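Working notes for the structure below.
The values are calculated or read from the model by the stated rules, or taken from the named source; none is laboratory data. None of the values given here were measured: they were computed from a predicted structure. Cβ sites come from the backbone with ideal geometry, for glycine too, and all protein chains shown count toward neighbours.
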Amino acid sequence: MADLDVVLVDVCKTFAGDTKAVIDFNAEIEHGEFVAMLGPSGCGKTTTLRMIGGLEDVTSGQIYLTGKNVTDLPPSERDTSMMFQSFALFPHRSVFQNVEFSLKMRGQSLNERQQSVWDMLAMIGMSELATRYPRDLSGGQQQRVALARALISRPAVLLLDEPLGSLDFSLRQAMMVELKKIQQELGITFIMVTHSQQEALSMADKVIVMSDAIIQQTGTSREIYERPKTKFVAEFIGNNNLFSGTVRSRSGSVVILQRDDQLFYIAEHGFSSDIGIGSEAFFSVRADKMHTNRQEDMANQITGKYIATEYIGSLETDVFEFGNNHFVHVEQHRDAVKRNYTVGQQVDIYWPAGDGVLLAKS
Ligand SMILES: Nc1ncnc2c1ncn2[C@@H]1O[C@H](COP(=O)(O)OP(=O)(O)OP(=O)(O)O)[C@@H](O)[C@H]1O
Ligand SMILES: [Mg+2]
């Protein structure tokens, strides 16, 4: 475990009243990695983060930080720092005093701590506001001070709970870039909790998707986006069309599913699935992988009833109804296909076998 900063082995948390908040959480996080924990409200993200920081006991399992078993150690003996979901700054301390706080607690003299505080303020672009009080700062500036306060002690691992949650859209975009840059400059391992898939996918080296206390999938952003493993991940990550059918046959690496008179062809991508002939299976196809003009090697064809078009800049998403209340989204560049559908019109939709992703049952 030489270069692993954080290792969780079968970590479980059950609260009084038998609330299972985290079940069998396993993760290996390398030094300097930016990891995002992504999932809906109540799935156990904050609880997991608090267990890593030592603010919550584990019910069972082990936690290792930089190679050392810290499962039973208090927060003060763990090399972590946490930025909370609601990042309250000390209202009666200036920006400088907020940032220097943990160094002061450690007993560093003003002389010792001054340089590190000024360096940190420079890094977050707040040197000129060092004497301001939190109430006189914008939301984004407060967020930066909270970040600086958490980073000043140079922890091995920074735990961030929804650090951008309270910011509006454009500020969040800007802070995302800044956070990533700071993380790279300091080379500190970041574990960030979020329920925004956009935040997770755009910032993290590794994404852990959770639902209902369990890990659904761990992978790079690309893996999560392009190869969701489960139905939950495919639905949560969005932009995916979900289909199901009965497995009819396999020929080479292609699995053939049937739903009523419709056949689907899906090329398996390496990981062996537990999907046997005759069983029900789900698969997903991203909206941007579907087309309304047939091209070579597009094995799949369905017919949908045109409902509406959603405009997103130069992309357009046409929505079709395929079967009762089953909507299929097809995202294409505006100029890619000449089309002028009328509501209710039957339209053929195509995609290659390679763009379908078979999903595990859970
Ligand atoms: N101290 C506690 N006592 C009992 N149950 C708790 C406690 N803390 C959390 N829970 C429960 O554990 C589950 C996970 O909570 P947690 O705060 O980890 O979720 P989360 O993924 O961070 O959600 P959110 O996105 O809303 O912040 C929830 O069902 C929650 O109600
Ligand atoms: Mg939370």
Fill in: Residue in the stretch 118-176 that is modelled with the lowest pLDDT, counting only those that are surrounded by fewer than 18 Cβ atoms within 10 Å (Cβ to Cβ) and charged (D, E, K, R)
168
Practice prompt. Could you please find all residues in the stretch 1-40 being within 16 Å of ligand 2 (Cβ to nearest atom) and hydroxyl-bearing (Ser, Thr, Tyr)?
Written response: 19
Worksheet item: Can residue 48 be described as β-branched (Val, Ile, Thr) and touching a strand residue (DSSP E or B) at 6+ places or on another chain (Cβ under 7 Å)?
Response: yes
Fill in: In the stretch 25-48, the residues that are surrounded by fewer than 23 Cβ atoms within 10 Å (Cβ to Cβ), in contact (Cβ under 8 Å) with a residue 60 or more places away in the chain and part of a helix (DSSP H, G or I)
46
Worksheet item: Looking at residue 93, is it closer than 30 Å to residue 126 by Cβ, charged (D, E, K, R) and buried (at least 17 other Cβ atoms within 10 Å of the Cβ)?
Response: no
Discussion item. For the stretch 1-18: of the residues being modelled with pLDDT of 95 or more and within 11 Å of ligand 1 (Cβ to nearest atom), which is surrounded by the most Cβ atoms within 10 Å (Cβ to Cβ)?
Written reply: 13
Worksheet item: Could you say whether any residue in the stretch 57-79 is within 16 Å of ligand 2 (Cβ to nearest atom) and not acidic (Asp, Glu)?
Response: no
